[in-house]
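First up is the structure itself, then whatever we jot down about it.
Every number here is computed from the coordinates shown, using simple stated rules; none is lab data. Note that this is a predicted model, so its numbers are computed, not measured. Positions of Cβ are generated from backbone atoms using ideal geometry, with glycine treated the same way; all protein chains shown enter the neighbour counts.
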Amino acid sequence: MDRFTIGAEKTFLDGLASVELRVPIEYRLTSDLFSRAYDIVPGNGDEFFDFGEGDGTIDPETFQLFGDRDGELANISAIFKAVIMEGPNFLFTAGVGVTAPTAQDVNYGLDFQNILITYDALPGLEVLAASYLLDVNVSNETTYISPFLAWLWLPTDRLFHQGFLQVEVATNLSTVLMRNFGSIGLAAFEEDFALVESALNFPDGAEVDLHAHTLMRLNLGLGYLLVDNPRNRWLRQLAALFEMHYTTLLQDANPSQIPLDLFLTDIFGNVTAIDAFDPILGNLNNRMDVVNVAAGLSATVGKTVVTHGVVVPVRGQDNRGFDFEYNLQVQRPF
């Protein structure tokens, strides 16, 4: 994913306060997607699908994703901040950010083919070979409020420390709507090998809430001025930067379950309802501690500040969101 952010900031109260607007545009996988998986053997119908190996992993040979990358507007943020304490070698600021749900909703079509499921909950039913055609719409409706504290400390003329502490709170929920557009299959009973027809059922579609976590972010950084000569015509400052970014959850996960019913119709027209597995939406990890480290250089050339940085995650598995990130910032005061 590539993100391009256009921002503008205006100071007031003699430079003691400011308001900022950030408009991000992302070049990433499109919000309208369709995927197909086939020859899936999950093992037990009371669990959700395992793709291919039965261990929760996706076998690339049985999974197809249809959807290209596209440029889309992301969520726009407005940030207010003000100086609350200032000394000879330190500065404290406080503020609050508001992020509006301006990005597109996500529409995701799912086509599962040739699925084999054993149902322990229904005695005698050995396997179910089925195909499911589902449509999932994830709405983008949540507004976020993010109060923060930030500080700057200069213990020497060249060494400096920057810090940032923020809490991000969702003010409202988003919703997920799942609809069935044709799900059917065949089931076999061991005792008589009678074939029955099956179908998934979503009465008028299944709509559930999507809960966003309350997050805390703590960023700590050190910098050293390699060049510090404001009178230079071109390179006035050059600073080496090192930062640690820590993000954690302040509340347990609150996933939602989509109620799913399975109806079996035998050759005599008899209908049997099964309380099938309920797909779970949301983060399943009650605890996440994401730690990233960043290193870079910041150069002041004339009146323009150009900063290059590389960010890499320290932890693995569920506690990382990417492999690496390159960041380029260009700031021009007017």
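Add +1 for every Lys or Arg and -1 for every Asp or Glu among the other residues with Cβ under 10 Å from the Cβ of Gly71, and state the total.
-2
Once you put a point 7 Å from the Cα of Leu222 and another 7 Å from the Cα of Ile280, both along the Cβ direction, what distance in nm separates them?
Each label point is offset 7 Å from its Cα along the Cβ direction, giving 4.1 nm.
When Lys and Arg each count +1 and Asp and Glu each count -1, what net charge do the other residues less than 15 Å away from Glu168, Cβ to Cβ, add up to?
+2
Taking 0.36 nm per intervening residue step and subtracting the Cα-Cα distance, what contour gain separates Tyr246 from Leu16 on full extension? Don't skip to the end; give the middle numbers.
On the way: separation 230, 0.36 × 230 = 82.80 nm, distance 2.80 nm.
Taking Tyr246 through Leu16 to full extension adds about 80.0 nm, to one decimal.
Taking the Cβ of Ala239 as the centre, find all other residues whose Cβ is under 14 Å away and add up their charges (Lys, Arg: +1; Asp, Glu: -1).
Charge balance near Ala239 sits at -1.
Decide, for segment 275-334, between rounded, prolate and oblate: order the square roots of the alpha carbon gyration tensor eigenvalues as a ≥ b ≥ c, take rounded if a/c falls under 1.5, and otherwise choose prolate if a/b is larger than b/c, else oblate.
In terms of gyration-tensor shape, prolate.
Among 93-106, 64-77, how do they line up by average Cβ neighbours within 10 Å per residue, starting with the highest?
With the highest mean Cβ count within 10 Å placed first, the list reads 93-106, 64-77.
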